1. If you find the alpha carbon centre of region 1-23 and of region 137-182, how far apart are they in angstrom?
2. Rounded to whole Å and ordered largest first, report the semi-axes of the equivalent ellipsoid of the chain derived from its Cα gyration tensor (root of 5λ).
3. Once you keep just the Cα pairs under 8 angstrom separated by 6 or more residues, what percentage relative contact order results for the chain?
4. Kirkwood Rh over alpha-carbon pairs of region 107-182, then Stokes-Einstein at 37 °C and 0.692 mPa s: what D in µm² s⁻¹, rounded to an integer?
5. Compute the Kirkwood hydrodynamic radius of region 1-71, taking the inverse of the mean of 1/r over all pairs of distinct Cα atoms, and give it in Å to one decimal.
6. Ranked from highest to lowest mean number of other Cβ atoms within 10 Å per residue, what is the order of the peptides 61-68, 73-80?
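Nothing in this text is a laboratory measurement; each read-out follows from the coordinates by a stated rule. On a predicted model such as this, the values are computed, not experimentally measured, just so you know. Note that each Cβ is placed from the backbone with ideal geometry, even for glycine, and that neighbours are counted across all protein chains shown.
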């Protein structure tokens, strides 16, 4: 199972698209949506939160500290936090597991599972960069939502697919979401 966590940063469409692609690839997904992300979903997309929950195979409440994914004995294959707010990034980097997203990230890192973090903030403060470095040193893959334009992105959807394709590449999941460099 790939756990997808959507936080309250701009760019929630990346997380939604990742869930859609996992479903298309017949890969089991788990989903956690932060309270702030629900507000961002309403303001940035045409999706209803309930529609997104239905895309996932499993849904876990953001405030449920007893959720099965919060235990190291729960067998998940990987975690993608997309997008990742700076608040969430800071909490994870400092071991503050106060909700399902930050706790599952703590578990994923301590169990040495692939953990992809897609930060969405610009410009960055030094502390943001330090938190990313801390997580990178612990084994997280820091994958900022920065599309590469060598793929001839004609639409916003192409740019979204590029980032989602890079997330899947980081998780070693075959995909053809973007044109590769030759």
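1. Here the two parts' Cα centres lie 13 Å apart.
2. Square roots of five times the eigenvalues give 23, 19, 17 Å.
3. Normalised by residue count, the contact order of the chain is 21 percent.
4. Values: Rh = 13.7 Å.
The estimated diffusion coefficient comes to 239 µm²/s.
5. On the way: mean 1/r = 0.0822 Å⁻¹.
The answer is 12.2 Å.
6. Highest mean packing first, the order is 73-80, 61-68.
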